[in-house]
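Visitor: Quick one: structure below, then a few questions.
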Amino acid sequence: MDIETLRTTLHGTLHLPGEPGYAGAAQPWELTITQAVAAVADVADVHDIQEVVRFAAATGRRVVTQSTGHGASGGIDGEILLRTRALDHIEIDPTARLARVGAGATWGQVQTAAAAHGLSGLAGSNPSVGVTGYTLGGGIGWLARKHGWASNAVRAFDIVHASGGTARVTAESDPDLFWALRGGGGDYAIVTDLEFDLFDTPQMYGGQMMWPDNRAREIFEVFTDLTAAAPPELSIWFERFAIPGLAPTAGVFFAYLGDENQGRASTARLDTIDGILTDTRAMLTPDQLGRIAAEPTEPSHSLAAHEILTDLDDAVIKTLVEDPVAPALNIEIRGLGAALAENQPDGGARGALREQYVMFLRGLPLPGLRDDVEARFAEITAQLGAHRTGGKLYTFLAPEDTAGAAFDHATLTRLRHIKQAHDPHGTFHANYPVHH
């Protein structure tokens with residue numbers, strides 16, 4: 001069966017190699033990754049998803065689902081790429097504090113709709129990220145220390161099975177699949193809609209505070225003291241930047257779920273550090289969370305890696321705080337803990353994260369610089385030694401990682417059994433599949 005025949009069954013658009021629009025449709029968010037897929041199906045509705053799945057199953061092809069293209073890992077040449085961007089409908093039930101959203105909705109869209117009712121989802125730091133992929137992988141953002149993983153807030157999924165049929169998945173209807181979809185990635189079915197809890201957020205306060213990099217040690221000491229005693233309402237990240245052409249800087253990004261007086265009081269020690277360059281602290285509404293980190297909201301070239309840290313002793317401090325960042329662009333350490341570390345009796349595959357810190361490294365793959373950036377990443381990682389667990393967070397996996405790094409052995413084994421039960425022929429291929 002020729003793939004061209006799929007075009008006649010779709011309400012949306014099928015892009016094939018060599019056609020106008022194919023290159024843009026196939027390109028993921030990370031511009032350094034290429035996806036030479038056999039076709040891109042920009043679906044218009046659930047019917048289209050069913051048609052793509054049935055065609056793939058009949059022809060022995062695999063389906064890779066992406067909305068915004070965040071989290072792409074490569075390695076999908078020759079497969080069918082399913083784009084769900086058109087499925088961006090959003091319904092907010094302010095009385096029940098529930099959101100029902102389509103697979104193509106972004107967190108920026110959801111937060112705007114929820115903020116009108118004084119509510120927030122458990123959004124990430126970047127409003128351009130798709131809700132579905134983020135949530136399937138666990139989802140960790142500014143409200144996570146207070147309310148936990150975004151995946152655990154889900155109450156129901158609407159899916160397309162590997163057979164092409166549809167189903168509504170809840171804790172009652174299919175406990176195993178419901179568990180897997182809440183933090184175990186999207187390797188088991190195609191999610192078309194999800195329903196999740198929203199949270200009252202009458203007041204939020206946060207922003208960036210940045211100093212020259214020679215203040216990094218002083219800032220870090222305050223950061224570690226704050227994270228050691230932080231209430232669940234406070235989330236704080238330590239940052240160092242070495243942006244080409246600019247003087248190196250260090251600082252913090254933070255969010256506090258409360259009013260300005262409470263937020264300032266909880267971070268008062270930061271005001272004792274002299275020489276501040278940037279201070280964006282302000283009251284925020286749920287749809288303004290993206291202002292804190294001010295991350296790029298358009299596709300770009302970048303390199304990234306992360307490590308979960310066991311502790312922050314003197315050796316770690318030298319590596320992360322005193323040694324140069326360059327030629328990397330950014331070292332970031334996020335405080336974890338609180339609700340993220342708690343076992344949830346009805347929780348999903350993500351599970352509790354006991355460690356208190358996670359480190360992120362970012363760089364620019366500029367001509368002649370990529371090898372140096374990757375070497376610096378490797379050097380920093382090696383210097384951390386036993387202070388890194390070797391584990392990963394699913395939503396932040398890099399192309400060289402595998403899903404196995406994000407789960408313990410028992411969880412991965414259970415996920416693989418669920419994959420085999422629901423997709424025995426491997427029709428679905430997540431960005432980071434559990435069966436690899």
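Visitor: Please give, to one decimal in nm, the separation of the simple spin-label points placed at Arg217 and Arg155, each 7 Å out from Cα toward the Cβ.
Guide: 5.3
Visitor: Rounded to the nearest 500, what is the 222 nm mean residue ellipticity of the chain from helices alone, with -39500 (n - 2.57) per DSSP H run of 4+ residues and division by all residues?
Guide: -6500 deg cm²/dmol
Visitor: Also, quick follow-up: Mean separation of Cα pairs under 8 Å and 6+ residues apart, divided by the residue count of segment 335-428: what relative contact order is that in percent? Each step should come with its number before you reach the end.
Guide: On the way: 46 pairs, mean separation 15.7, N = 94.
The normalised contact order for segment 335-428 reaches 17 percent.
Visitor: Sort Asp372, Asp314, Asp174 by heavy-atom solvent-accessible area, probe 1.4 angstrom, most to least.
Guide: Largest to smallest exposure gives the sequence Asp314, Asp372, Asp174.
Visitor: How tilted is helix 409-422 with respect to the longest principal axis of the chain? Cα atoms for both, answer in degrees (0 to 90, nearest 10).
Guide: Long axis of 409-422 versus the principal axis of the chain: about 20 degrees.
Visitor: Please compute the contact order of the chain in relative form: average sequence separation of alpha-carbon pairs under 8 Å and at least six residues apart, divided by the residue count, as a percent.
Guide: 17
Visitor: So with the 1.4 Å probe, I'd like the accessible area per residue for segment 1-120, rounded to whole Å².
Guide: Numbers: 4810 Å² over 120 residues.
In whole numbers, segment 1-120 has 40 Å² accessible per residue.
Visitor: If I fit a long axis through the Cα atoms of helix 216-229 and take the longest principal axis of the Cα atoms of the chain, what angle between them do I get, 0 to 90°, rounded to 10?
Guide: Result, in degrees: 70.
Visitor: With a bin width of 20 angstrom, please list the P(r) values of the chain as percents of all Cα-Cα pairs, from the 0 bin to the one holding the largest distance.
Guide: 26, 57, 17, 0
Visitor: Which three lengths, in whole Å and largest first, does segment 1-134 cover when its Cα atoms are put on their principal axes?
Guide: Projected onto the principal axes, the Cα atoms of segment 1-134 cover 50, 32, 24 Å.
Visitor: While we're here: Pairs of alpha-carbon atoms within less than 8 angstrom and 6+ residues apart define the contacts here; what relative contact order does segment 1-147 have, in percent?
Guide: Once normalised by length, the contact order is 18 percent.
Visitor: With a Förster radius of 35 Å, plug the Cβ-Cβ distance of Ala96 and Glu4 into 1/(1 + (r/R0)^6) and report the FRET value to the nearest 0.05.
Guide: Computed FRET efficiency for Ala96 and Glu4 comes out at 0.15.
Visitor: Can you give the Rg to Rh ratio for segment 47-193, taking only C-alpha atoms and Rh from Kirkwood?
Guide: Using Cα coordinates only, the ratio equals 0.96.
Visitor: How far, in degrees from 0 to 90, does helix 370-384 lean away from the longest principal axis of the Cα atoms of the chain, to the nearest 10?
Guide: 70
Visitor: Which residues in segment 219-260 place their backbone N less than 14 Å from a point set 7 Å from the Cα of Gln203 along the Cα-to-Cβ direction?
Guide: 256-260
Visitor: Ignoring ligands, DNA and RNA, what accessible area per residue does segment 247-310 give at 1.4 Å, in Å²?
Guide: Per-residue accessible area for segment 247-310 comes out at 47 Å².
Visitor: Using per-residue counts of other Cβ atoms within 10 Å, averaged over each peptide, order 425-435, 274-284 from highest down.
Guide: 425-435, 274-284
Visitor: Quick one: Cα centre-to-centre distance for segment 200-222 and segment 27-85, in angstrom?
Guide: Comparing the Cα centres of segment 200-222 and segment 27-85, I get a distance of 39 Å.
Visitor: Specify, per residue and in Å³, the volume enclosed by the convex hull of the alpha carbon atoms belonging to segment 263-354.
Guide: It is 209 Å³ per residue.
Visitor: Net charge near Ala315, counting Lys/Arg +1 and Asp/Glu -1 over other residues with Cβ under 12 Å of its Cβ?
Guide: On the way: positive: Lys318, Arg388; negative: Asp311, Asp313, Asp314, Glu322, Asp323.
So the surrounding residues net to -3.
Visitor: Just subtract the alpha-carbon distance of Ala228 and Asp259 from 0.36 nm times their residue separation and send over the number in nm, one decimal. Display every interim value, and only then the final one.
Guide: Working: separation 31, 0.36 × 31 = 11.16 nm, distance 2.15 nm.
Separation in residues times 0.36 nm, less the Cα-Cα distance, equals 9.0 nm.
Visitor: Here's another thing I want to ask about it. Between Glu355 and Ala282, how many nm apart are label points set 7 Å from Cα along the C-beta direction?
Guide: It works out to 3.5 nm between the two label points.
Visitor: I've got another one for you. When the accessible area of the chain is split by element with a 1.4 Å probe, what percent falls to carbon and sulfur?
Guide: 52
The values are calculated or read from the model by the stated rules, or taken from the named source; none is laboratory data. These numbers were taken from a predicted model, which means no experiment stands behind them. Quick reminder, even Gly has a Cβ in these numbers, built from the backbone with ideal geometry, and neighbours come from all protein chains shown. To get the accessible areas, we keep the full protein, side chains included, count just its heavy atoms, and leave off ligands, DNA and RNA. Shrake-Rupley method; radii C 1.70, N 1.55, O 1.52, S 1.80 Å.
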